[in-house]
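Engineer: The structure under discussion is supplied below as structure tokens; questions concerning it will follow.
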Amino acid sequence: MLNDILQLNKKHEFAARTILEKVMAEKSGKYIITISGEVETGKCEVAHMLGKLLKREGVRVKLLHMDNYYKIPPLERTEWRKRHGLESVGYDEYDWEVVSRTLAGFKENKLTTLPCVDLFTGQIDQLTTNFAGIEVLIIEGLYSVKIEEANLKVFIEQTYRDTIEEQKMSGKEELDEFRMQILEREHQVVQSLKPLADFYLDFDTASEIYHY
């Protein structure tokens, strides 16, 4: 996303380092990492920090944000959701065909055109990138855990209720009654996907849980 602002801190670095250790131990060929979790739980920050650490290790890496892959543009999304009801909120809002084309471009080392949301204008721009030589693809987003091709699926344990103050500070969306209903609906969907993950991060206890 263009014009997004990140505030990185020690917890994001710690989380990224734990993921880095696992990636470096098992990476072979093209490698995809997804980082999932609820709103403002640190997905983007951890993904960005992980990308920086991989770069320091000499690994060529790209980062994708699933917010760029919504079918409905940001400026139209709230009204669309009001018309279609809360049940329309979920992973079907992503354009999975475009996601698949992006993953194919990564795997095949191709020049690929991606959607890219400009947070100032709300427009969906088109960005062309070259995946030739890119070893690791990091994908962060609410429902990125559904990407079956991922080699490592990370899930952040916090919920939107834990990050209300961060959401107020970010000012990205007004926390009115309808927005709170959206957050609760997203919470239900994201938590239903949690079993798909194989690596869990809990910032509160500074611990990681693995399962396969």
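The values are calculated or read from the model by the stated rules, or taken from the named source; none is laboratory data. Here the structure is a predicted model, which is why all the values come from computation and not from measurement. Neighbour counts are summed over all protein chains in view; Cβ atoms, including those assigned to glycine, are modelled from backbone coordinates with ideal geometry. Ligands, DNA and RNA are excluded from the accessible area calculation, which covers all protein heavy atoms including side chains. Shrake-Rupley method; radii C 1.70, N 1.55, O 1.52, S 1.80 Å.
Engineer: Running a GNM on the chain with Cα contacts under 10 Å, which residue among I156, I139, I72 ends up with the highest mean-square fluctuation?
Structural biologist: Its mean-square fluctuation being the largest, the pick is I72.
Engineer: Moving to a separate point now. Would you list which lysines come within 21 Å of K110, measuring only between C-alpha atoms, while excluding same-chain residues fewer than 8 positions from it?
Structural biologist: Reachable lysines: K27, K30, K55, K62.
Engineer: OK, next. First obtain the Kirkwood hydrodynamic radius of segment 136-196 from its Cα pairs, then insert it into the Stokes-Einstein equation at 20 °C and 1.002 mPa s, and state the resulting D in µm² per second as a whole number. Mind showing how you got there, number by number?
Structural biologist: Numbers: Rh = 13.1 Å.
My calculation gives 164 µm²/s for D.
Engineer: Grab the other residues whose beta carbon is less than 9 angstrom from that of Y160, score K and R as +1, D and E as -1, and report the net. It would help to have the intermediate numbers written out before the result.
Structural biologist: Values: positive: R161; negative: E38, E40, D162, E184, E186.
Overall, the nearby charge balance is -4.
Engineer: Here's something else I'd like to know. How large is log10 of I(q)/I(0) for segment 43-90 at q = 0.24, 0.30 Å⁻¹ when the intensity is taken from the Debye formula with one equal scatterer per alpha-carbon?
Structural biologist: -0.85, -1.07
Engineer: State in Å² the accessible area per residue of the chain; use a 1.4 Å probe, count heavy atoms of protein chains only, and round to the nearest integer. Mind dumping the intermediate values first?
Structural biologist: Working: 10800 Å² over 212 residues.
With the other protein chains kept in place, the chain gives 51 Å² per residue.
Engineer: Could you point to the label whose value was computed as Cα extents along the principal axes in Å for the structure here, given [x] 66, 36, 28; [y] 57, 41, 30; [z] 46, 41, 29?
Structural biologist: Among [x] 66, 36, 28; [y] 57, 41, 30; [z] 46, 41, 29, the one derived from this structure is [z].
Engineer: Considering only DSSP states other than H, G, I, E and B, which GluC sites (Glu not before Pro) in segment 22-86 qualify as loop sites with at most 16 other Cβ atoms within 10 Å? Before the final figure, lay out the partial values.
Structural biologist: On the way: sites: E26, E38, E40, E45, E57, E76, E79; in loops: E38, E40, E57.
Qualifying residues, ordered by number: E57.
Engineer: Given the DSSP H assignment, sum -39500 (n - 2.57) over each helix run of at least 4 residues in the chain and divide by its residue total; what's the result at 222 nm in deg cm²/dmol, nearest 500? Please list the in-between numbers first.
Structural biologist: Numbers: 6 runs with 78 residues, N = 212.
That calculation yields -11500 deg cm²/dmol at 222 nm.
Engineer: How much FRET efficiency would the formula 1/(1 + (r/R0)^6) give for K52 and E21, where r is the Cβ-Cβ distance and R0 is 22 Å, rounded to 0.05?
Structural biologist: Values: r = 15 Å, r/R0 = 0.69.
Using R0 = 22 Å, I get an efficiency of 0.90.
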